[in-house]
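Worksheet for the structure shown next.
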Amino acid sequence: MSRIKFKAAVSGLIIFSILFSTNLPLITFAQVADPVVELPGSVAPDLGAPATPPPGKNAPTDPAQVNVVLKPRNDAAFQALAEAVSDPDSPRYQKPMTGAEYRQNYQPDASSISTVKGYFTGQGMTLTYESPSELVMTFKTTLGQRDKAFGTTTEYRTNAQGDSGLINTAPLLLPASVAKNVSGILGFDELHQARVNSVSVKPGAGGSVISRDSVSGVTPAQLRAAYNFPSAYTGAGTKVGIVLWTAPDLNNTNLWKSDNGISGSVTIVDVASTNPQPNSGDLEAHMDIQLVLTAAPATAVRFYVAGSSTFDALGVALQKAVDDNVNAINGSWGNCETNISDSTKASYTTIFQNGAAKGIPFFFSSGDNGVFECNSGGVSQVGFSQFPASDPLVTSVGGTSLDHSGSTWLNETAWSCNSSNDTTCLVSNGGSSTGGKTVSYARPAYQSNITPPTEPKFTNGSANTRLQPDISMNGDPNSGELIYINGCSVSSGTCPQGGGTSASSPLLAGLAALAAQQKGFSPGSSNKFIYRNFPGTWGFDVTSGYNGVTSKPGWDYTTGLGSIKNVTGFLNAFTQPAPFLTASSPVIVEIAGNGNGQVDPGETIGLQIPLTNSGDLAANGVSATLALTGGSATLTGNNSAYPNIAVNGSATNSSYFTFSTSYTLACASVLSFRLTVSYNSGLSYVYTFSLTVGAPVAGTAQTISNSTALPIPDNNALGVTSTITVPSNFTLADVNVTVNVTHTFDSDLILELTGPDNATSVLLASHRGGSGDNYSGTIFDSQAATPISAGTAPFNGSYQPEQSLNAYNNMASGGAWKLNVADTSAADTGTLNSWSVSLKPLTYSCVTYNPVPVLTNISPTSAPMGAAAFTLTLNGSNFVNGAVVRWNGSNRMTTFVNSTQLTAQIPASDLTTFGNYAVTVFNPAPGGGLSGSLPFSVVNPVPVISGVSAPNGTFAGGDNFVLTVNGSKFVRGATVLWQNSPRPTTFVSSSQLTALVSSRDISASGTYAVAVQNPAPGGGTSNAGSLSLVNTTPVISNTIPASVPVNTAFVLTINGSFFVTSPNPTTVLWNGSPHAATYLNNHQLTISLSASDTASTGNKTITVTNPTPGGGSATLSFPVAAGCVPLVVTQTSDGPSSTCGYLRYALAQASMTSPKGAVSLAYTSGQTLTLTTSLSVPVGVSINGFCTASGPGVTIAGTGTGDVVSLNGSSSLYGLFIKGFGGPVVAQFQAFSGGTSANKMACSKISKS
């Protein structure tokens, strides 16, 4: 059976409080964990002096009220939106916030509203008003309850301006859980009240207006015509809000409307429900209405009557006008900015944000005291500003003096002081347009290009703050309209002529109504538009006048920028149709990448950036340029055109914007970009965005717990707050919360988590579980399958919270996380036993898109064939971990050193064959690829000789022989070197070569150097080998001549074999006597013999001896015959003189005349020998010593074939030698008879005959 819970009705909270002598916020025991904090700027700078309070302003039980202005949700974004709607550079320009957008993104959430209501109603206050926007709540209370709730003291005081009222003299305090939801508090400061900025002069008798400085008053029609208001636009269908604390008498207004043909309506809105009575004589109320309707004759004026002139009441009225969605709001009142607390200013800023985001412009008069606004009757304070005109979300309106001729604009000067006496600048003495610097507001962006004039008179030393006024219109009462009050009219002649900046401000509010009519909606403030485009064709730079300082060209402190003298031109420019482009998040296209849709290291990325035209005119000639403003990437394509974009249409770039990232780029790097879009010949839009390298992923969770048990107070909306302080600060990707609560009847409970920014709150559970008990290990996880609303107590397991915890994603983790558990119903109690927060950091995961490697060089570049395994070093760029070296296309074991170096193991098996091998590097996918190749040369090795051998019987002085060389690493083309000279070589195998060694190579005994040389590439010369040869016994075959006549001196040629030369040459003995031998070759020696050597006939011995090692001797017998037969050789024709070439020439001449030359030889006895032979004259043949003169000699040898010698009728010549030299020539021949040698020798000297 389910449990039924009965709750008792209670009229209030049962609480325990501790009261001190000073007031503190009423704190229950449950609030101990919720510290009390001070509201910033809650004490006004000017507190005045104590004064005697009147009745109703003293006792703790006297009635009071307080207005609480709540913070919008996403406060910073709300402020940005408020500015963007009026910013021509923003995509939200003239695109006001919708109601749905407000509720979804900015309206205070239910938890915040509940917390604020719960606290103040818990302090005994009564909620009497709650704005539709939920931004303003009004609570009725008593002075005593109010002071206790805020822990402050309120006193009645008076100030130098003559104002009196209640004001808090101590800071306002609230529990932190409440304060975080509050923008500001209105209601404590009654001392500083608003003043109107109006002044008037009386007309002359009969209703004529007075004149001063040739300036005269105007009628509504004249004012519209002078400023060229458009006739086509009257404000029909628009609403203008006027906020004031006194109510007009509409009888006056209706009479004025009737006299001037004005059709617009006026509705009085009683904001405070005080039933205000019409004040027929109030100049300000009636002038505000008249000037609005002068500008917009058909608009509907909504006149919001605040309960008083306090900024508290006026703020509520402003919010009411905003909630009514009027098209413009005017306030012709204010007070010195330095008198107003920051809390009040913050409250007003929130209200202005709300209106500005809706496109509602605010116009406030700048003031009527020249540059002396913040004075109490004097002029010592110079250059200060009036609030609320000082707020940047407001248009601060100054005053001019309009010089006109009927409906024609002639000139404008600043609304000036009555004289050079500065006291006449004060409103009490005539007044003048107020200008100055603020002290509380930074200079807004729309004034960033303004250089204000230096005014030495100023005592306000603020720098870079908001300047005012912004713009001015007619405000001099001497050129003002007649204001219908107290039943007066033009005909009565009693109407005052009104002016002041209270006249110029509503005129611009009416102008804004025309803009709304022309545009069809409220387009927002024109501040930035005016500052950007002034003067255009519509503005006038006021350069004359004095309000304590003089007017100057450009912006000045008298009229700001100047005036709008051509309203039609201004409206056309401000409301003209225009395209408005905004960019959407870029679409990533991986031109060269891993395909995961993210930017990763090493990729080439294309971006498509869609543009949307939310304007009211087509965008033409659209182009864009992309710039990298932060991070490391290389833009490779930064320009693109776009198609024309129709209204409400979209388009993307015609060609990709492209960039590439290095494969070494760190994961989670941020790349920042700026896209500048140009369109419609002069319009531009800038879109900034960033891309994070890698895919976002949630890291490992860090869980931190608080196990301190806290009791949950019963029936207390504040509940109990437990804190977990997270020391580490990182960006969040996911947040989960686990709670353990013991409590009966779970539906009493609200669980809410507040992040470390002390602003972002997420409702975990609200009144769930019905009558069930406890939260036992309940995990709140936005990714859970089951929502908490579908769960049942005790909620074991994981549940989706009421609001998403994703609100904390991308926030910083560090700081105080707070869990608040509140019991909002009576009778059941419980305990927050423990809770924990699980925080996952935002990390990024990258999949590097590997580059194509670049191979620059390798080391070594070659190795000899047959070499051992080795380590190859490769240098280049874009190497990645995982890269592999390839040898002729096959992978080799690779070591990654860094992005510019790899090493690879090359086995000996890769070096067995001569040739070039392609070395490459391959980077793996994703991306990657193969590098270019470099050649590695397997080259010829250096050969090695192990042995050298020759055939048996090889001796020094022998014949050619084949040398055998054994060893290793011989290659085809290898050459055997004999004594360092190459010899014809035959490749047998890699271990054997043979070479032909000639007889000349072994002409002497000894050890001969043998080497092998392998050719390039590589190759080289082997180690040294050798072959030792010894002498053997020489062999004599024959001699030339075989014999000689006695007493013959001649050169003996010895033919044979195994003759050797130096250093230990073969020696010759002639008949036992040593003779110097000339070594001709291994088969031939010569010795020179003198006549004495042949002085006797007979056989002589020739002995040839080879020295050791080896060696031996050979002997031959040489016959010396009897003497020669003298012959006379007669030449057949004359020749040159008898020189070394003489005979040669004679014989040569004979050969030219006939193939056979004839030479006559005659014995001295008269016998004649005729020789017929073939002749040849080889040039340069040595005569072997027979000729001592220079020049070549001649040897003519007859072989016997075809040679005929007639000697005594016998023809038996087998050999003929004719030797010529300078001087006589000896012709020797030997005749044989019957094939046997006959020792017959004819000798003679050849002579000329």
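Here, each number is a calculation from the coordinates, and none is a lab measurement. In this text the structure is predicted, and so the values were computed from the model without any measurement. Methodologically, a virtual Cβ is constructed for each residue, glycine included, from the backbone with ideal geometry; neighbour enumeration extends over all protein chains shown.
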Query raised in the report: Are any of the pairs 71/358; 140/437; 148/358; 519/552; 57/140; 180/239 more than 26 Å apart by Cα-Cα distance, and if so, which?
Result: 140/437; 148/358; 519/552; 180/239
Requested in this report: Would you tally the net charge around residue 129, using a Cβ to Cβ cut-off of less than 13 Å, leaving residue 129 out, and scoring K and R as +1, D and E as -1?
Outcome: -2
Report summary line: Longest principal axis of the chain (C-alpha) makes with the long axis of helix 342-357 (C-alpha) an angle, in degrees to the nearest 10, of 70 degrees
Query raised in the report: If segment 944-1029 were replaced by its equivalent ellipsoid, with semi-axes equal to the square roots of 5 times the Cα gyration tensor eigenvalues, what would those be, largest first, whole Å?
Result: 22, 12, 11
Report task. Would you calculate the separation in nanometres between label points at residue 251 and residue 702, each defined as 7 Å from the Cα along the Cα-to-beta-carbon direction? Result -> 7.5 nm
Report summary line: Surrounding charge for residue 363, neighbours by C-beta under 11 angstrom, Lys/Arg +1, Asp/Glu -1, total -2
Query raised in the report: Which percent, nearest 5, of DSSP beta bridges in segment 697-845 are antiparallel?
Result: 90 percent
Requested in this report: Out of all DSSP beta bridges with both ends in the chain, state the antiparallel percent to the nearest 5.
Outcome: 85 percent
Query raised in the report: Under unit Cβ charges (Lys, Arg +1; Asp, Glu -1), what dipole magnitude, rounded to 20 debye, does the chain have relative to its Cα centre?
Result: 6060 debye
Query - Check: segment 697-845 dipole with +1 on Lys, Arg Cβ and -1 on Asp, Glu Cβ, in debye - result: 400 debye
Report task. Please give the contour-minus-distance gain from residue 620 to residue 796: 0.36 nm per residue of separation, less the Cα-Cα distance, rounded to one decimal in nm. Result -> 57.3 nm
Report task. Please report, largest first and rounded to whole Å, the three semi-axes of the ellipsoid equivalent to segment 697-845, where each semi-axis is the square root of five times an eigenvalue of the C-alpha gyration tensor. Result -> 26, 16, 12
Query raised in the report: Roughly how many nanometres apart are two label points built 7 Å out from the Cα toward the Cβ at residue 667 and residue 1046?
Result: 12.2 nm
Query raised in the report: Can you give the charge dipole size of segment 472-590 about its Cα centre, rounded to the nearest 20 debye, using +1 on the beta carbon of Lys and Arg and -1 on the beta carbon of Asp and Glu?
Result: 80 debye
Query raised in the report: At what distance in angstrom do the alpha carbon centres of segment 495-540 and segment 394-433 lie from each other?
Result: 18 Å
Query raised in the report: Which order, highest average first, do 308-318, 535-545, 247-257 follow once you tally other Cβ atoms within 10 Å for each residue and take the mean per peptide?
Result: 308-318, 247-257, 535-545
**Report entry** Relative contact order, percent, the chain [alpha-carbon distance under 8 Å, six or more residues apart]
**Finding:** 6 percent
Report summary line: Quarter of the surface of the C-alpha convex hull for the chain, i.e. direction-averaged projected area in nm², equals 91.2 nm²
Report summary line: For segment 581-693, averaging the sequence separation of alpha carbon pairs under 8 Å that lie six or more residues apart and dividing by its residue count, the contact order in percent is 29 percent
Query raised in the report: If we sort 1108-1121, 134-147, 959-972 on the protection proxy, mean other Cβ atoms within 10 Å, highest first, what's the order?
Result: 134-147, 959-972, 1108-1121
Report summary line: Checking rank on 432-443, 722-733, with mean other Cβ inside 10 Å and highest first, the result is 432-443, 722-733
Query raised in the report: According to a simple spin-label model (label point 7 Å from Cα along Cα-to-Cβ), what is the distance in nm between residue 36 and residue 852?
Result: 7.5 nm
Report summary line: Extension length gain for residue 744 and residue 101 (0.36 nm per residue less Cα distance), in nm, is 227.6 nm
Query - Furthest towards positive pole of dipole, 145, 599, 738, structure part the chain, Cβ charges - result: 599
Query raised in the report: Residue-wise, which Karplus ³J(HN,Hα) couplings in Hz belong to segment 945-953, taking 6.51 cos²θ - 1.76 cosθ + 1.60, θ = phi - 60°, and x for glycine or proline?
Result: 9, 10, x, 10, 9, 10, x, 4, x
Query raised in the report: For segment 234-242, in order, what is each residue's ³J(HN,Hα) by Karplus, 6.51 cos²θ - 1.76 cosθ + 1.60 with θ = phi - 60°, in whole Hz (x at glycine and Pro)?
Result: 10, x, 4, x, 10, 10, 10, x, 10
Requested in this report: Using a cut-off of 11 Å between beta-carbons, work out the net charge of the residues near residue 782 (Lys and Arg +1, Asp and Glu -1, residue 782 not included).
Outcome: -3
